[in-house]
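All remarks here apply to the structure that follows.
Just so you know, all these numbers are worked out from the coordinates, no wet-lab data involved. As the structure is a prediction and not an experimental result, all values here were calculated from the model. Here the Cβ is made from the backbone with ideal geometry for all residues, glycine too, and neighbour counts use every protein chain on show.
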Amino acid sequence: MTPTSTPTAVSARGVDKTFSTKQGEVVALSGIDLDVAPGEFISLIGPSGCGKSTLLRIIADLDSPSSGTVEVFGTSAHQARLDQRYGIAFQQAGLLPWRTVTGNIALPLELHGVGPAERAARVDELVALVGLGDFAQKFPDQLSGGMQQRVAIARALAEKPALLLMDEPFGALDEMTREYMQTELLRIAAETGAAVVFVTHSIPEAVYLSDRVVVMSPRPGRIADIVPMRLGRAADRADDLREDGAFFEMITAVREALHGAPVTGPRGVETR
Ligand SMILES: Nc1ncnc2c1ncn2[C@@H]1O[C@H](COP(=O)(O)OP(=O)(O)OP(=O)(O)O)[C@@H](O)[C@H]1O
């Protein structure tokens, strides 16, 4: 039997993106080549406006490249969207206020015709996965920001995607909740085996979460450097890793990569 290899989770080749605006053309991305392995955690970091969200939106087929190609698990980004190969979460949880936690998590399953019994079983699993068992029947306005984000993550995972796309999902949370959510996300990613592409402004967040940190240069966004992290397996990355010497070394490596990019000083990147 010939061994079958799992296709790369994300493969971007020569991706350029130019927006036409009233003020003229804005080159948001230029010559992006990026591969994300199955189960790998990648963060995109770079100065404000360098095209991080644009790249994520192109991977999600919410926007299309001006040139170049993106494949998700060996198919076009468009086909991957139709096949629900990825889940997506943004800075705002975007929950329906009139639905409970379970109702919000069940939504994508309802939309895709999953029957009631299977749906209920899957929602139970997801509620447990994100640790919201005691809050299953609460409405979004009865939850903290961190809990709302956990509902959004559960909803993104509803259809067992092998890829999660996340655009600053913890950006609106206080620092303690944010650190807690980072540890939770690592646990969830390890449990589900999903690859993650994560946009952030925070160097420590990128370092803590990632297998590799993709450092982008200011507009037009290019990949300035890809910094491999050496912090051990994601599932073993405990909370106190943030006090470890290796953690600070990795922060320095990413900072140097950011400053090495042709910039006069990166705006919009947090070092806290
Ligand atoms: N729909 C659009 N029309 C015109 N220009 C756009 C559009 N979307 C993004 N841009 C421009 O493309 C560039 C990249 O934007 P993008 O939001 O991807 O950057 P970003 O790195 O995610 O920024 P931030 O860190 O501030 O969120 C910016 O100059 C932005 O103004």
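As a check on your grasp of the helix formula, calculate [θ] at 222 nm for the chain: sum -39500 (n - 2.57) over DSSP H runs of n ≥ 4, divide by the residue count, round to the nearest 500.
-10500 deg cm²/dmol
When a footprinting reagent is the concern and you count Cβ atoms within 10 Å, what order do ARG81, ARG150, ARG230 take, fewest first?
Listed from fewest to most nearby Cβ atoms, that is ARG230, ARG81, ARG150.
Please label the shape of the range 155-219 as rounded, prolate or oblate, based on the square roots a ≥ b ≥ c of the eigenvalues of the alpha-carbon gyration tensor (a/c under 1.5 means rounded; beyond that, a/b larger than b/c means prolate, else oblate).
Here the range 155-219 falls in the oblate category.
Going 7 Å from the Cα of GLU256 in the Cα-to-Cβ direction, what parts of the range 179-218 have a backbone nitrogen less than 16 Å from that spot?
Under 16 Å, as judged by backbone N against the label point of GLU256, lie 213, 215 of the range 179-218.
Report ³J(HN,Hα) in whole Hz for each residue of the range 120-134, in order, from the Karplus equation J = 6.51 cos²θ - 1.76 cosθ + 1.60 where θ = phi - 60°; Gly and Pro get x.
Each residue's phi maps through the Karplus curve to give 4, 5, 5, 4, 4, 4, 5, 4, 5, 4, 9, x, 10, x, 7 Hz.
7 Å from Cα along Cα→Cβ at both PHE248 and GLN84: what's the point-to-point distance in nm?
So the two model labels end up 4.7 nm from each other.
Please give the Cα centre distance for the range 1-67 versus the range 156-184, rounded to the nearest Å.
20
I want to check the label-to-label distance for ASP141 and THR69. Put each point 7 Å from Cα in the C-beta direction and report it in nm to one decimal.
Between ASP141 and THR69, the simple spin-label model gives 5.0 nm.
Please work out the FRET efficiency for the pair TYR180 and GLN23, using the Cβ-Cβ distance as r and a Förster radius of 45 Å; give the result to the nearest 0.05.
The calculated FRET efficiency here is 0.60.
If packing is taken as the mean number of other Cβ atoms within 10 Å per residue, what is the order of 43-53, 101-111, highest first?
Per-residue Cβ counts within 10 Å, averaged per peptide and sorted highest first, yield 43-53, 101-111.
If you take the beta carbon distance between THR6 and ASP33 as r and set R0 to 25 Å, what does 1/(1 + (r/R0)^6) give as a FRET efficiency, to the nearest 0.05?
0.80
Once you sort the root eigenvalues of the Cα gyration tensor of the range 99-160 as a ≥ b ≥ c, which label holds: rounded (a/c under 1.5), prolate (a/b larger than b/c) or oblate (the other case)?
It is prolate, given that a/c is not under 1.5 and a/b is the larger ratio.
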